[in-house]
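Before any comments, here is the structure.
The values are calculated or read from the model by the stated rules, or taken from the named source; none is laboratory data. None of these values were measured; they are calculated from a predicted model. A quick note on method: Cβ atoms are made from the backbone with ideal geometry, for glycine too, and the neighbour counts reach across all protein chains shown.
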Amino acid sequence: MASVDVRAVRKAFGSHEVIHGVDISISDGEFVVLVGPSGCGKSTLLRMIAGLEQITGGEIAIGDRVVNMVPPKERDIAMVFQNYALYPHMKVYDNMAFSLKLKGAPKSEIEERVGVAADVLGLGALLDRYPRQLSGGQRQRVAMGRAIVRNPQVFLFDEPLSNLDAKLRVAMRTEIKALHQRLRTTSVYVTHDQIEAMTMADRIVVMHDGIVEQIGTPLDLYDNPANTFVAGFIGSPAMNFIEGRVSREGGVPAVVAGGDIRLPTPPNLQAADGHKVIYGVRPEHISLANGSGGGVPAEIDVIEPTGAYTLAFAKMAGAEVCAMFDERHAFQPGQRIDLAPRTELVHVFDAESGRRL
């Protein structure tokens with residue numbers, strides 16, 4: 001196992017720079033997820049760590065060794081791809097053993113390593129099958145097994161669950177997390193799915209347009225997003241945003257939006273009177289007002305019952321918002337209700353920069 005350090009790394013294709021001076025430090029044994037929308041640079045960064053893309057500037061170190069000029073096969077890493085990349089004419093055993101055979105490993109060592117990996121991944125009964133005889137989840141486990149037998153310093157995962165259906169994705173992300181807890185091998189995992197990132201990572205790196213927006217634990221990013229991009233990307237359903245301005249009328253800070261609707265804010269809000277802001281509140285942090293006043297008037301548009309909770313989409317303070325209720329309310333479209341954002345969990349962002357105030 002080894003640490004991975006990305007230092008001021010840049011990547012350009014011709015005159016077009018796609019990675020802009022990224023710095024990330026990954027500890028030995030840590031599971032770090034790179035997450036962001038398509039085109040943010042996360043897969044390009046992973047490929048540079050693997051040695052599959054040349055670095056334009058900066059340096060990458062694995063352990064104590066700078067690997068900028070080290071070919072992929074000498075970096076002591078193993079990669080799991082979105083497409084399983086199994087040899088169709090080889091059985092599972094031979095697919096898993098292939099890299100060891102290329103290295104000239106003794107037969108006894110190959111049998112031992114493949115056997116251990118097969119036991120870890122529950123592949124013992126499938127070693128004599130061909131890839132075409134396996135399900136998608138089984139093929140992905142074989143791909144992971146092929147990486148495990150190499151006993152690398154670092155695992156690299158490039159959207160390995162993207163080809164699986166929703167139910168299997170949930171099962172496989174649990175398997176990958178359990179595998180990491182057992183092996184404790186340093187892992188870098190790329191996904192566009194923030195749920196995967198939240199449920200699997202020790203730390204998350206949120207990327208956007210080739211830069212790192214924020215690095216932190218899943219709950220750090222959820223509770224303390226640095227800006228509107230992170231706030232809107234992390235969490236499902238996404239955070240509600242309402243444009244407004246700060247009012248300190250009566251000495252109590254609030255955000256005024258939708259004309260003269262006052263939205264409650266934390267009392268320690270650091271913004272001047274009249275400052276243009278974006279008010280952010282997560283759907284799960286909005287409840288029904290208790291009827292004693294103080295709620296924010298809203299009008300129901302659409303109701304989505306899921307069984308476990310109910311999503312209510314409504315117009316509030318001049319914006320469309322989503323509220324999540326544990327209770328099974330019998331709302332009707334057009335119904336007027338009062339909503340109560342939980343003041344201590346509200347976020348306020350600068351309207352111009354998007355930074356959290």
When segment 123-166 is checked residue by residue, the ones that are under 23 Å from the mean Cα position of the chain (by Cα) and of a type in the set (D, E) are D158, E159, D165
Can you tell me which of V22, V67 is in the same structural domain as Q138 (by the TED database), within 29 Å of R169 (Cβ to Cβ) and of a type in the set (V, I, T)?
-> V22
Somewhere in segment 216-225, is a residue out of contact with any strand residue (DSSP E or B) (no Cβ under 8 Å at 6 or more places or on another chain) and among the aromatic types (F, W, Y)?
-> yes
Subset of segment 149-173 [in contact (Cβ under 8 Å) with a residue 24 or more places away in the chain, loosely packed, with under 15 Cβ neighbours inside 10 Å and part of a helix (DSSP H, G or I)] | A171
Report whether or not H285 is in contact with a helix residue (DSSP H, G or I) (Cβ under 6 Å, 6 or more places away or on another chain), under 19 Å from V346 (Cβ atoms) and outside the structural domain of E17 (by the TED database).
-> yes
Quick one: is V348 aliphatic (A, V, I, L, M), crowded, with 20+ Cβ neighbours inside 10 Å and in contact with a Leu (Cβ under 6 Å, 6 or more places away or on another chain)?
-> yes
Does segment 293-316 include one or more residues that are part of a loop (DSSP other than H, G, I, E, B), among the β-branched types (V, I, T), within 28 Å of the chain's Cα centre (by Cα) and surrounded by fewer than 16 Cβ atoms within 10 Å (Cβ to Cβ)?
-> yes
Which fully enclosed strands (runs of 3 or more DSSP E) of segment 188-271 have 1 or more residues being surrounded by fewer than 15 Cβ atoms within 10 Å (Cβ to Cβ)?
-> 211-216
R65: on the phi < 0 side of the Ramachandran plot and touching a strand residue (DSSP E or B) at 6+ places or on another chain (Cβ under 9 Å), yes or no?
-> no
Residues located in segment 224-252, provided they are among the β-branched types (V, I, T) and within 15 Å of the chain's Cα centre (by Cα) = V230, I234
Those residues that are modelled with pLDDT under 95 and among the polar types (S, T, N, Q), I need them from segment 311-342; list them, please.
-> Q332
Residues of segment 10-38 satisfying the condition of being free of Cβ contacts under 8 Å to residues at least 40 places away in the same chain and assigned to a loop (DSSP other than H, G, I, E, B) | G14, S15
Looking at this structure, is E327 assigned to a loop (DSSP other than H, G, I, E, B), over 11 Å from I300 (Cβ atoms) and over 27 Å from the mean Cα position of the chain (by Cα)?
-> yes
